[in-house]
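In what follows, a structure is listed as structure tokens, so that the remarks can point back to it.
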Amino acid sequence: MNEPVALDAPAAGRPLRIVLVAFYNYQAHAIRMFHPLLRARGHDVHSIFFKNYFTYNVPSQKDEDLVVDLVTRLKPDLVGMSVWSTYYQLAARLTRRIKAAVDPVVIWGGIHAQTRPEECLADADLVCQSEGEAVLAELTDRLGLGRDYRDIEGCWAKSDDGAVIRNPPRPLLQNLDLVPPADLSSENKYYLG
């Protein structure tokens with residue numbers, strides 16, 4: 001079992017540039033909580049909200065280009081995506097394009113990541129299977145220190161030979177007071193579509 005990560009402590013290692021992405025949901029509660037958590041730990045955090053309504057319509061190439069171009073300009077070390085099953089194919093396409101452009105580490109969380117983790121690992125580097133707060137805190141600590149992240153509890157990853165690494169679940173957070181309230185400010189938030 002890994003040592004617990006202090007959510008309210010400054011990040012270990014260098015500060016990272018992080019981009020969080022939500023699809024078809026400007027409220028995206030998890031993204032709005034992760035943003036201030038990671039910012040308080042010393043990271044440069046940007047959140048992209050791609051469209052704001054539930055639909056089965058496929059976005060246009062121009063719509064997708066807006067996301068990829070913005071992420072490319074931001075040059076993140078880490079991209080986190082909240083992926084619903086309805087938007088899995090969109091997340092997969094964008095992840096492939098983002099990795100080709102700037103090659104950040106990409107972690108997926110959300111419903112699709114929890115229900116279809118092996119499928120998600122075809123595109124994401126890491127798939128969150130637990131609450132994201134401690135996972136993101138530990139992941140950013142490790143990336144900031146240049147350490148491997150594939151054994152983080154609460155995540156699945158792939159080994160160098162492509163085998164799926166199924167790490168054990170993380171314990172639930174016991175002190176919810178450490179989780180910041182949702183950030184509803186406009187600072188470093190981008191609303192596309």
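The values are calculated or read from the model by the stated rules, or taken from the named source; none is laboratory data. A quick note: this is a predicted structure, and the numbers were derived from the prediction, not measured. Here the Cβ is made from the backbone with ideal geometry for all residues, glycine too, and neighbour counts use every protein chain on show. Remember, those area values only see protein heavy atoms, side chains included, never the ligands or the DNA or RNA. Shrake-Rupley method; radii C 1.70, N 1.55, O 1.52, S 1.80 Å.
Scan the stretch 1-43 for residues that are assigned to a strand (DSSP E or B) and open to solvent by less than 10 Å² (accessible area, probe 1.4 Å) and report the count. Before you say what the answer is, go through the steps one by one.
Filtering the stretch 1-43 for residues assigned to a strand (DSSP E or B) gives 17-23.
From what is left, the residues that are open to solvent by less than 10 Å² (accessible area, probe 1.4 Å) are 18-23.
Count: 6.
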### Query
Given the conditions (1) over 23 Å from Pro180 (Cα atoms); (2) open to solvent by 40 Å² or more (accessible area, probe 1.4 Å); (3) out of contact with any Ser or Thr (no Cβ under 8 Å at 6 or more places or on another chain), and given that Tyr87 satisfies all but one, which numbered condition is not satisfied?
(2)
### Summary
Only one of (1) open to solvent by less than 20 Å² (accessible area, probe 1.4 Å); (2) more than 26 Å from Tyr24 (Cα to Cα); (3) hydrophobic (A, V, I, L, M, F, W, C) does not apply to Leu94, and that is (2)
### Query
Does the stretch 129-146 contain any residue that is more than 20 Å from Ala28 (Cβ to Cβ), open to solvent by less than 70 Å² (accessible area, probe 1.4 Å), at pLDDT 95 or above and among the hydrophobic types (A, V, I, L, M, F, W, C)?
yes
### the stretch 169-193 residues that are in contact (Cβ under 8 Å) with a residue 12 or more places away in the chain, paired with ones that are open to solvent by 50 Å² or more (accessible area, probe 1.4 Å) and not in a loop (DSSP other than H, G, I, E, B) (beta carbon under 7 Å, 6 or more apart)
Pro180/Ala40; Ala182/His29; Leu192/Leu66
### Task
With the checklist (1) open to solvent by 30 Å² or more (accessible area, probe 1.4 Å); (2) in a loop (DSSP other than H, G, I, E, B); (3) free of Cβ contacts under 8 Å to residues at least 60 places away in the same chain in hand, flag the one item Ala124 doesn't pass.
(1)
### Criterion: touching a helix residue (DSSP H, G or I) at 6+ places or on another chain (Cβ under 9 Å) and modelled with pLDDT under 95 - qualifying residue of Ile107, Ile98, Ile111
Ile111
### Task
With respect to Glu119, determine if the residue is more than 13 Å from the chain's Cα centre (by Cα) and within 14 Å of Pro169 (Cβ to Cβ).
no
### Query
Does the stretch 62-84 contain at least one residue that is touching a Leu at 6+ places or on another chain (Cβ under 9 Å), open to solvent by less than 30 Å² (accessible area, probe 1.4 Å), at positive phi and charged (D, E, K, R)?
no
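Do we have any residue at all in the stretch 51-61 that's at pLDDT below 95 and outside any loop (DSSP other than H, G, I, E, B)?
Residues of the stretch 51-61 that are at pLDDT below 95, as a first pass: 51-61.
Restricting the remaining residues to those that are outside any loop (DSSP other than H, G, I, E, B) gives 61.
Yes: the stretch 51-61 contains one or more residues that are at pLDDT below 95 and outside any loop (DSSP other than H, G, I, E, B).
For the subset of the stretch 153-193 comprising residues that are of a type in the set (Phe, Trp, Tyr) and open to solvent by less than 80 Å² (accessible area, probe 1.4 Å), which member is modelled with the lowest pLDDT? Lay out the reasoning, then the answer.
So the first thing to find is which residues in the stretch 153-193 are of a type in the set (Phe, Trp, Tyr), and the list is 156, 190-191.
Those left that are additionally open to solvent by less than 80 Å² (accessible area, probe 1.4 Å): 156, 190.
On the way: Trp156: 97, Tyr190: 92.
Among those residues, the one meeting the criterion is Tyr190.
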